[in-house]
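Written below as structure tokens is the structure these notes are about.
The values are calculated or read from the model by the stated rules, or taken from the named source; none is laboratory data. Computed from a predicted model, the values in this text were never measured in an experiment. Cβ atoms come from the backbone with ideal geometry, glycine included; neighbour counts cover every protein chain shown.
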């Protein structure tokens, strides 16, 4: 309905034939011998930009047909000089369609005009071909008869965002004109800035009709704001005035950064020399146009041509829009030749009265659809580069980043969508990238400085930052406010204040501030920490300093810096000391598996010594019980063989190491205080219904209920270290609590005050820690966070501050050593190497002994009958000797006894009844004692 209404109005205006519309069909020259293709040009021909465009179009027409004399067609360009008015432009287009029956429209100049004219082109099927309507709100994809032979303004937002990101600016002020051209870029720019985490803190909208006094008022408003980075998206007509007034207001000086879009940098309407002077230090973005010989030759010819046509005007610089106008005429001439059909050179007129105000009376171009298709498919190398319409519009190759230095421009880098920023043009560069300042050559900033502006300042209003601070009744070690009524001043101290002072010293600039206590009329706290932080959102405070926990729900209305303290919620319980009164403490130094391993190694070593000494050493003989005793009570004796000495030597070394380690560990157990927690698991507290405490006015109770399933009725609030101590001392059964849950800094204060009574047990539940709070989007957050990192990574400085309030780290380390000594009992693993070496030596000694024995007692071939001679029988005979000689089948007779069968004695007339007598007699005669075995 709105579209029909617009068409109705436009038709009415066309019917009235505005007197301001004039026809100049004399230029460019027409050749009556050729078929004429009617084309309309709608532009403000009296402006500098209009004169520039007219000269480029005229030269394009002449150059093309001089180069193509054999073409059968020629463009007949009908010019309509219109003011910068939407209605005038639409009326001119209607006139060209109805009276001249044009098959294409060149123009109009402005995006706001093109928005209406596009609808006319759709109705009449006439291509609207614009080389200057760059607003991204006009889309060839949605309006098929709209052809943009220029770059879409939205294509530059990536380059603008990259420049802002490269210098680390997090906030900008957007200044744009209140037109279709200005508004059209806004959604695309916002999206591009969001991708690089940049926020538009303020939008300054300047109406085209604004007087200088109105602009100055807006500049004064910008001057007292915090942000010092300005992105200007304007055409030259209003942008020139704005920049001159900004310079006169002192805003083109140090600490300011100005970025201009291609509306100013491409010179659609060239800025004055005074405006160019005021832009000193600004950074601009514009499309990159490659140099070529044809372009250089054209620029030389164009200057002469322009001077001849406009002898009283100062020669302007050839703009990119002039090059696009030249290429557009060339494209239309090529497309017209291909699309020409004499049978379809007119309009199809409907059978309606000319007096009918219905929009359908315009008619439809028979050539328009084919001409549109030929234009979209036309490709050639133009003055502005390769002419190819992708999705109905030109696509940029790259963007130049330039710096205004006086009245000249210095190229400091390039940007491409594939490769990002680079100091030199590199079209082959591709891949992911992060924009950095080193990717650009160093520019000259406003104020003739090479130091990039930080992008924000404390507002120039003479005010200090109002920093809210909490009034605490307990835990004043973290933040304390003292009032001196005699001097009428307040003193501030505490861990949070010391950290804030160190952070201020680490900042690269000074911040004027004043502390404002968050108290009521009676001098008491005006609310909890949530309410204190909410005062930032209410703009009563500019920041908050104190022991503020970084919690998710608070971050919805303030921005926190990085934490300056340890993070996490933990549990503290009382500890008991009963280790030194334990009668079995002497067993503690060694673990049970080490005791067992040592005993087994002792027995094994005794058995090895017995085995090695049994045959030759009288002290290891006798009855079985005596032999077992010799195994268990073996000693390092002098009369032993070499293998035994080797085994005993290393075993003595093992015993020495074990003895020394046991002595040291036992001394530690008897002298170091044994600290044992009464509770070690929060789940036991929940299951048994124990009472637990927390600090009043903090987020911990919600955490205990939500995360650990505590019953609210079992939670008790306290407000000081002394109250924590009293509650833990009494215990849950006596009206106190069994444990305290709080953030680590508060618990450190408790342990620093009572180091031998309480202990942190269980896991530490991660939280955000303590941080300083600022308004959402405040640029101070990033600077303060970096300063916090510099302070917290200075170990000497942090040790000094923490020792002042928490007693330093030594007391914590001592307590940790005490409470963890239950796990310091020596284990088998600690001596595994010794036991392995001792076992290898003992086993090797046994193997050497066995090999030696078998070698010396291997039976000869004469002692075994030939029929029974085999390897197994020989091994069995030797093994029997081994077992017999080691007394494994009877009593041992010492002094190198000999074993003989009973048959040997019987051959000598002996009998079992007189065996003992015979043995004794033989011994007296000097023979070896014989062990008689009855077989």
Does any residue of the range 521-529 turn out to be out of contact with any strand residue (DSSP E or B) (no Cβ under 6 Å at 6 or more places or on another chain), closer than 17 Å to residue 748 by Cβ, outside the structural domain of residue 761 (by TED's automatic domain parsing) and outside any strand (DSSP E or B)? no
Single residue of 382, 368 found to be closer than 25 Å to residue 132 by Cβ and more than 52 Å from the chain's Cα centre (by Cα): 368
The correct count of residues that are surrounded by 15 or more Cβ atoms within 10 Å (Cβ to Cβ) and either part of a helix (DSSP H, G or I) or at pLDDT 85 or above (or both) in the range 669-697 is 11
Residue under evaluation residue 345, criteria (1) modelled with pLDDT under 90; (2) within 36 Å of the chain's Cα centre (by Cα), criterion not met: (2)
Does residue 90 meet the test of being assigned to a helix (DSSP H, G or I) and at pLDDT below 95? yes
Please specify each residue of the range 749-780 satisfying the condition of being touching a helix residue (DSSP H, G or I) at 6+ places or on another chain (Cβ under 9 Å), farther than 24 Å from residue 684 by Cβ and outside any loop (DSSP other than H, G, I, E, B). 749, 752, 753, 770, 773, 774
Among residues belonging to the range 402-423 that are more than 23 Å from the chain's Cα centre (by Cα) and outside any strand (DSSP E or B), point out the one that is surrounded by the most Cβ atoms within 10 Å (Cβ to Cβ). 423
Hey, among 518, 541, which residue is crowded, with 16+ Cβ neighbours inside 10 Å, over 19 Å from residue 787 (Cα atoms), in contact with a helix residue (DSSP H, G or I) (Cβ under 6 Å, 6 or more places away or on another chain) and free of Cβ contacts under 8 Å to residues at least 60 places away in the same chain? 518
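Among 46, 76, 58, 62, which is the only one that is under 20 Å from residue 235 (Cβ atoms) and either at pLDDT 90 or above or surrounded by fewer than 20 Cβ atoms within 10 Å (Cβ to Cβ) (or both)? It would help to see each step written out before you state the result.
On the way: 76 fails: under 20 Å from residue 235 (Cβ atoms); 58 fails: under 20 Å from residue 235 (Cβ atoms); 62 fails: under 20 Å from residue 235 (Cβ atoms).
It is 46.
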Inspect the range 424-443 for any residue being part of a strand (DSSP E or B) and closer than 16 Å to residue 164 by Cβ and give the result as yes or no. no
Output for the range 758-791, where each listed residue is modelled with pLDDT under 90, farther than 30 Å from residue 538 by Cβ and either out of contact with any strand residue (DSSP E or B) (no Cβ under 6 Å at 6 or more places or on another chain) or outside the structural domain of residue 684 (by TED's automatic domain parsing) (or both): 763, 766
Residue 129: in contact with a strand residue (DSSP E or B) (Cβ under 7 Å, 6 or more places away or on another chain), in a strand (DSSP E or B) and over 11 Å from residue 41 (Cα atoms), yes or no? no
Could you please find all residues in the range 580-601 being in contact with a helix residue (DSSP H, G or I) (Cβ under 9 Å, 6 or more places away or on another chain), part of a helix (DSSP H, G or I) and either under 14 Å from residue 828 (Cα atoms) or modelled with pLDDT of 80 or more (or both)? 593, 594, 595, 596, 597, 598, 601
In the range 32-61, what count of residues is obtained for those that are outside any strand (DSSP E or B) and within 25 Å of residue 301 (Cα to Cα)? 18
